[in-house]
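Below is one structure; the comments refer to it alone.
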Amino acid sequence: MELFVERGFEQTTVTEIAARAGLTQRTFFRYFADKREVLFWGAAALQELLVSAVASAPDSTAPIEAVAAALEATGPGFQERREYARQRQAIINANPELRERELIKLATLASAIAGALRQRGVSEPAASLTAEAGIAVFKVAFERWVNESGPADLSRIIRDSLGELKAVTAGAGR
């Protein structure tokens with residue numbers, strides 16, 4: 001991350017990343033397919049957390065509430081790494097290739113959440129619509145969180161953003 005901030009993503013090489021980390025290039029490639037993946041290494045754990053939280057919601061929980069609880073569960077993990085998240089997001093925002101990779105990650109998360117909802121008995125298109133809406137809420141809330149000055153609670157921002165979506169879909173946000 002330091003190299004990306006210092007030199008820029010495009011100008012930073014895998015050789016420099018490996019050297020800064022005290023690794024060989026060969027070791028680097030055991031863990032990462034390319035330098036982009038350094039910025040996306042936590043995606044699998046995030047997906048596992050979201051899917052697990054949706055799956056473990058009580059049976060009586062409405063689909064959107066199961067997704068909301070899953071999204072809110074991500075807050076504490078991100079909260080302690082806010083400065084890292086800010087730097088990462090700035091690097092992604094400055095690079096079209098990374099923005100595309102971020103969108104792919106979000107689409108993959110939505111697909112996994114939809115699968116978890118289908119496992120709960122939610123039919124289509126409700127499962128996909130709910131998952132996509134949840135990821136849209138997460139994306140907007142995350143952007144607000146990294147850009148807010150002063151202390152901010154990601155879980156609260158996710159809750160507030162979902163509340164705003166509910167208000168808009170109920171016709172109150174006109």
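Miscellaneous remarks
- A simple spin-label model places the labels of Thr15 and Ala107 3.4 nm from each other, with each point 7 Å out along Cα-to-Cβ.
- The chain: C-alpha gyration tensor shape, a/c 1.5 cut-off, then a/b vs b/c: prolate
- Proximal charge balance of Ile158 [Cβ under 15 Å; K/R count +1, D/E count -1]: -1
- Sorted peptide list for 59-67, 31-39, 76-84, 130-138, criterion being average Cβ within 10 angstrom, highest first: 130-138, 59-67, 31-39, 76-84
- Seen from Thr12, the other residues with C-beta closer than 15 Å to its C-beta sum to a net charge of -2, counting Lys and Arg as +1 and Asp and Glu as -1.
- Max mean-square fluctuation residue, GNM over the chain, Cα-Cα springs under 10 Å, options Gln119, Gln47, Gln89: Gln119
- Contact order relative to length of region 29-174, as percent, for alpha carbon pairs under 8 angstrom and 6 or more apart: 27
- Screening the chain for whole DSSP H helices with an alpha carbon extent of at least 24 angstrom along the helix axis and a mean Kyte-Doolittle hydropathy of at least 0.5 yields 126-147.
- Whether region 74-149 is rounded, prolate or oblate, judged on the alpha carbon gyration tensor where a/c under 1.5 counts as rounded: prolate
- Fewest-first ordering of Ser128, Ser52 by other beta carbons within 10 Å of each residue's beta carbon gives Ser52, Ser128.
- In this Cβ point-charge picture (+1 for Lys and Arg, -1 for Asp and Glu), region 1-151 has a dipole of about 320 debye about its Cα centre.
- The helix-based estimate of mean residue ellipticity at 222 nm for the chain, built from -39,500 (n - 2.57) per DSSP H run of four or more residues and divided by its residue count, is -22500 deg cm²/dmol to the nearest 500.
- Considering only Gly8, Ile92, Ala112, the residue lying farthest towards the positive end of the dipole of the chain is Gly8, judged by Cα position with unit charges set on Cβ.
Taken together, the values in this text are just the output of simple stated rules run on the coordinates, not laboratory data. Everything numeric here is computed off the predicted structure, so don't read it as measured data. Cβ atoms come from the backbone with ideal geometry, glycine included; neighbour counts cover every protein chain shown.
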